[in-house]
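Every read-out reported here was derived from the displayed coordinates using simple, explicitly stated rules and does not represent laboratory data. Computed from a predicted structure; not experimentally measured. Methodologically, a virtual Cβ is constructed for each residue, glycine included, from the backbone with ideal geometry; neighbour enumeration extends over all protein chains shown.
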């Protein structure tokens, strides 16, 4: 699938949802940077505070929360993301429950995105990259899909939102990060540098070796999509 033209993406609103600080930058930041350059407005929503994502026994959870929030804000600034929302759920304890779905629904109704990026909840592991997918990732992805439909669409779901001035909203397109299966590819040849710069801000999570690996994975995805560097997704187009 070829990427959208500049004309079709201009003035579109994008919401990218990740479980942890750094998730979006790993999976979709090259694409988001490209779409921003073409006239879209993008927002990040981070579901957890990332307070357990370290192997350093000397750092406290409280210190890690502040560090990772700062890293994410600096990364988003590089990409020119308009705003970052933090829900601050406990790391490793994210659940697709009513509370999380309402929080995501509220952001959807507030910024009214045309396009949503998130993690594919069906990706339990990646043979290509050699890892098990974090349970927070799967809970996040499923909660986002459930918030998009039916929650954000239906006025009688969380009706108190209406009293707050938040109207129902229908998302048009969803892109799910999945490292094993893709049906849509975005050319990030011109923004791979921004992706690497954004990821380099996540110093608590990313090493120089990891950055090199990320670039190689983007090159491999580019071969699948017909570009020098690419990010690949499962695309869902919603018609109702």
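Here are some notes:
- Length-normalised contact order of region 6-237 in % [C-alpha pairs under 8 Å, at least 6 apart]: 25
- Working from label points 7 Å from Cα in the Cα-to-Cβ sense, the residue 190 to residue 55 distance is 3.9 nm.
- Working from label points 7 Å from Cα in the Cα-to-Cβ sense, the residue 82 to residue 220 distance is 3.5 nm.
- Cα centroids of region 157-180 and region 19-84: 21 Å apart.
- Of (1) 18.4, 60; (2) 17.0, 51; (3) 17.6, 56, the label for Rg and Dmax of the Cα atoms in Å derived from the coordinates: (2)
- Extending 7 Å from the Cα toward the beta-carbon at both residue 66 and residue 203 defines two label points whose distance is 1.5 nm.
- Euclidean distance between Cα centres, region 117-147 to region 213-240, Å: 16
- Residue 127-residue 163 FRET efficiency (beta carbon distance; Förster radius 45 Å; 0.05 resolution): 0.40
- Packing-based ranking of 212-224, 131-143 yields 131-143, 212-224, ordered from highest to lowest mean Cβ neighbour count within 10 Å.
- Ranking of 93, 74, 231 by neighbouring Cβ atoms within 10 Å, starting from the fewest: 93, 74, 231.
- Counted over region 6-237, the DSSP beta bridges are approximately 35% antiparallel.
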